[in-house]
Amino acid sequence: MKFFVSVALFFLFLNCFATAQTLIQDSCKTAAAKDPTLNYDFCVQSLEQDPQSKTATTLKGLVLASTTNAESKTTNVKGIVETILKNKTYPPGSESALSTCVELYDDANNSLNEALMNVKSGDYKSANIDLSAALDEPGTCEDGFKETHEKSPVTNENNDLFQKILIPLAFTNML
């Protein structure tokens, strides 16, 4: 009897994983078709690497997971910039731009937190506004370096962050 229960649970788990994988691929495909700035491969890879996304069974579940994922990435990039500032390993004249980036990442995280609350309550319009606000922050950070004529030490991280925030934004447009 234990054997049959184990086999049944295994196939149930396998089915859930296949369903989540299909949900991820289909959602990323639809979102990328509607928004050409969203990179389909990045979307799928990002979500398939996230345990919470892999267990999502609805688009709302993917929005929650991808927003949490974006929040985590924002915190990570903020930590990188804070380390650069602490260790003074930045190009001359870019300290102000880096400090501004830290503030922008805080703003992005606040917006992402608001988006999470709004998605949970079913207020997708407000979530969309919050996600749009968060989406502006990596680009605004990069713009600060253009003003100083210095190369940003976090361009790659900001590009990834932009994509990570764009995923739940594109998904909320589908709800």
Sites Ile80 and Ser132, calculated FRET efficiency, Cβ-Cβ separation with R0 25 Å, nearest 0.05: 0.55
Euclidean distance between Cα centres, the stretch 119-175 to the stretch 66-80, Å: 11
Accessible-area composition of the chain, carbon plus sulfur, in percent [1.4 Å probe]: 56
Asp106 paired with Gln45, simple spin-label distance in nm, labels 7 Å along Cα-to-beta-carbon: 3.3
Subset of Lys29/Lys73; Lys34/Lys146; Lys60/Lys125 violating a 19 Å alpha-carbon distance limit: Lys29/Lys73; Lys34/Lys146
Computed FRET value (nearest 0.05) for Lys125 with Gln21, which takes r as the C-beta separation and R₀ as 35 Å: 0.75
Tilt relative to the chain, helix 2-34 - C-alpha long axis, 0 to 90 degrees, to 10: 40
Length added when fully stretched, Met117-Leu175, from 0.36 nm per residue minus Cα-Cα: 19.3 nm
Most mobile listed residue (Gly61, Gly93, Gly139) in the chain, GNM with C-alpha springs under 10 Å: Gly93
Ellipticity estimate at 222 nm from DSSP helix runs (n ≥ 4, -39,500 (n - 2.57)) divided over the chain, nearest 500: -28500 deg cm²/dmol
Kirkwood-based shape ratio for the stretch 73-138, expressed as Rg/Rh from alpha carbons: 1.12
Of (1) 17.7, 59; (2) 17.7, 66; (3) 18.6, 70, the label for Rg and Dmax of the Cα atoms in Å derived from the coordinates: (3)
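The values are calculated or read from the model by the stated rules, or taken from the named source; none is laboratory data. Note that this is a predicted model, so its numbers are computed, not measured. Neighbour counts are summed over all protein chains in view; Cβ atoms, including those assigned to glycine, are modelled from backbone coordinates with ideal geometry. Side chains are part of the model used for accessible areas, which takes the heavy atoms of the whole protein and leaves out ligands, DNA and RNA. Shrake-Rupley method; radii C 1.70, N 1.55, O 1.52, S 1.80 Å.
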